Amino acid sequence: MARPRKPLLSTDRIVETARALVDTEGLAAVSTRRLAAELGVSGPSLYNHFRTKDEILEAVADSVSAQVDLSMFEDGREWRTALHDWAVSYRTALREHPNIVPVLAHGPGRRPAALHLADAVYGAMVRAGWPPAQATSIGALMRYFIMGSALGSFAGGFVDDAGAYDPADYPHLQQAHLLAEQQEKIDERAFGTGLTALLDGLAQQYERLSRDG
């Protein structure tokens, strides 16, 4: 009886396996030796697809960028609505894969999905009437805000020990020990508040541009 064949090694399979490792164990868990073991292949066979570990991590980062919905920039949505919907989709993708955010934060580099994302945002802002320089700034601003919100949890940074917040030292943090148990709720509300404030500010700038131009 013929032995069952192992799944063929492919770029997609390597990226999926590496992404799972990053998600569960962090960036430090990824090595060619570890990946080869997870995939059931010899280490050198990986080099037919990727030359270095950094190339693998770049591909993992781009696979996360590819999960971000960009349809709002193509279906006629007003620029503010499009930015809002995109920001929510982008943050959702990053929250599902938070350990890869430090790699994404380095910028798009040569990653196709990340470049397509940047092109979609910039193009939509220019079409909406934003000057090119400000369209670039909007893309950067949104990226800073979204990635910053995905790097960690504000509420999760507090310990659930009331004794850690002595009123003599921290008179305004008497309820801080309760924050961690409401982490998701607080973080979601903070993101929504910040996104609304950011878009309100951009809308005011847009009105001034329209009025002056």
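The values are calculated or read from the model by the stated rules, or taken from the named source; none is laboratory data. None of these values were measured; they are calculated from a predicted model. Neighbour counts are summed over all protein chains in view; Cβ atoms, including those assigned to glycine, are modelled from backbone coordinates with ideal geometry. Surface accessibility is based on the protein's heavy atoms, side chains included, excluding ligands, DNA and RNA. Shrake-Rupley method; radii C 1.70, N 1.55, O 1.52, S 1.80 Å.
In table form, for the structure just shown:
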item: Any hit, region 56-72, residues being open to solvent by 50 Å² or more (accessible area, probe 1.4 Å), farther than 17 Å from ALA20 by Cα and acidic (Asp, Glu); result: yes
item: Candidate set: region 145-190, residues that are open to solvent by 40 Å² or more (accessible area, probe 1.4 Å), of a type in the set (A, V, I, L, M) and assigned to a helix (DSSP H, G or I); chosen: the one nearest to PRO98 (Cα to Cα); result: LEU151
item: Count - residues of region 139-190 that are without any contact (Cβ under 8 Å) to a residue 24 or more places away in the chain, over 30 Å from ALA124 (Cα atoms) and among the hydroxyl-bearing types (Ser, Thr, Tyr); result: 2
item: Qualifying positions in region 5-36 - without any contact (Cβ under 8 Å) to a residue 12 or more places away in the chain and among the basic types (Lys, Arg); result: ARG5, ARG33
item: Exclusive hit being out of contact with any strand residue (DSSP E or B) (no Cβ under 7 Å at 6 or more places or on another chain), at pLDDT below 95 and among the hydroxyl-bearing types (Ser, Thr, Tyr), set SER71, SER42, SER65; result: SER42
item: Selection count where residues are part of a loop (DSSP other than H, G, I, E, B), under 29 Å from ALA28 (Cα atoms) and free of Cβ contacts under 8 Å to residues at least 12 places away in the same chain, scope region 66-107; result: 2
